[in-house]
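No lab work stands behind these numbers, since they all come straight from the coordinates. Fair warning: this is a prediction, and the values are worked out from it, not measured in the lab. A quick note on method: Cβ atoms are made from the backbone with ideal geometry, for glycine too, and the neighbour counts reach across all protein chains shown.
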Ligand SMILES: C[S@@+](CC[C@H](N)C(=O)[O-])C[C@H]1O[C@@H](n2cnc3c(N)ncnc32)[C@H](O)[C@@H]1O
């Protein structure tokens with residue numbers, strides 16, 4: 001397929017904005033520029049730092065979003081003050097670092113991401129990216145990615161695997177990150193800018209109805225996206241549309257099958273059960289990935305699965321507690337728990353998880369990949 005170097009074709013009327021102005025126009029970051037803590041930017045969290053501590057430190061260091069930076073304020077919020085110059089000593093040779101593609105008729109999904117777009121969720125995702133890095137590299141090793149490829153990370157959040165894809169496709173390739181939450185795109189722009197990844201673009205759009213032309217990419221990837229949506233098959237079908245014949249689709253999703261704490265505790269069981277019942281998607285989606293790929297017409301389908309044991313101080317150890325806290329309103333509104341029961345369960349679970357001997361076995365991370373038929 002013919003390719004314009006460095007460009008994805010957008011529908012007529014779309015605007016392309018540069019997040020980072022060229023060096024001659026670049027200004028020093030203004031005092032209100034937002035910075036996430038080091039752990040939140042994917043640097044390994046200090047040993048022994050629990051998720052709750054990382055989030056607390058994120059909360060303490062992140063001012064509230066700039067006024068008006070909601071959906072309508074998205075473009076304005078991506079002005080240079082939020083995007084500091086690359087770190088000292090890293091030169092990008094005056095090239096354009098990253099571009100943000102904005103479709104004026106932004107496609108908004110009918111469903112909202114239940115964990116929201118608050119700074120603490122961005123920080124959690126960035127810390128989680130670092131924890132999932134090795135497993136994601138193993139997945140990419142299975143795909144025949146070549147220099148010069150165009151790769152898409154669907155539901156990329158504040159980082160996703162944009163950096164991993166950027167290195168794989170090299171300077172002659174391009175990567176696009178897509179997310180429907182402006183705050184996530186804003187965070188991703190900041191993260192990419194700090195790492196000076198010149199071949200990454202971002203687009204704020206729904207994964208269910210992406211405004212990009214068919215066959216735009218050689219591969220598409222999604223991680224921990226489908227578990228959040230009620231109709232995952234629509235997104236997989238859309239990914240298959242966006243990838244050229246012979247290209248690849250790779251998906252990584254959890255299956256709560258293996259998610260237990262050791263020793264068991266009734267508060268864990270109860271909160272996990274109520275969360276699963278009120279979750280916006282299917283918490284056992286992992287086991288359906290190969291079927292979803294098959295239904296979208298893919299061939300050469302492969303599946304792998306990973307799980308790890310965590311203990312107090314490891315980042316995912318108190319994830320159930322975090323989910324319960326973020327989904328408090330859903331849990332109470334569902335009528336499954338009243339606020340007294342909720343508070344008691346959260347308290348009991350916290351005490352149990354932070355005992356030194358308490359372990360958790362992660363939810364299974366299922367990886368599935370397959371090929372769009374030629
Ligand atoms: C759990 S996060 C995972 C982020 C990233 N893939 C990673 O692995 O770190 C899910 C992301 O998907 C995005 N998302 C959820 N539903 C979406 C949709 N329908 N279209 C586009 N993005 C969506 C959310 O905004 C959020 O950033």
task = With a point put 7 Å past each Cα toward its Cβ, work out how far residue 340 is from residue 134 in nm, to one decimal.
result = 4.7 nm
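Starting from the Kirkwood radius over alpha-carbon pairs of the range 328-368, derive D by Stokes-Einstein at 25 °C in a medium of 0.890 mPa s and give it in µm² s⁻¹. Before the final figure, lay out each step's value.
On the way: Rh = 12.5 Å.
Result for D is 196 µm²/s.
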query = If you bin the C-alpha pair distances of the range 170-263 every 5 Å from 0, what whole percents do you get?
reply = 3, 11, 19, 22, 19, 13, 7, 4, 2, 1, 0
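Evaluate E = 1/(1 + (r/R0)^6) for residue 276 and residue 241, where r is the Cβ-Cβ distance and R0 equals 35 Å; express this FRET efficiency to the nearest 0.05.
On the way: r = 31 Å, r/R0 = 0.88.
Computed FRET efficiency for residue 276 and residue 241: 0.70.
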message = On the Cα set of the range 244-337, report Rg and Dmax in Å, please.
response = 16.5, 50
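With Rg and the Kirkwood Rh both taken from Cα atoms, where does Rg over Rh land for the range 298-374?
1.18
Gain in length, residue 351 to residue 303, computed as 0.36 nm per residue apart minus the alpha-carbon separation, to one decimal in nm? Each step should come with its number before you reach the end.
On the way: separation 48, 0.36 × 48 = 17.28 nm, distance 3.68 nm.
Separation in residues times 0.36 nm, less the Cα-Cα distance, equals 13.6 nm.
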request  = On each of the three principal axes of the Cα atoms of the range 232-289, give max minus min coordinate, whole Å, ordered largest first.
outcome  = 49, 21, 12
inquiry  = Please compute, over every Cα-Cα pair in the range 129-205, the percentage with a separation greater than 19 angstrom.
reply    = 30 percent
query = Between residue 294 and residue 328, what is the label-to-label distance in nm when each label sits 7 Å out along the Cα-to-Cβ direction?
reply = 4.4 nm
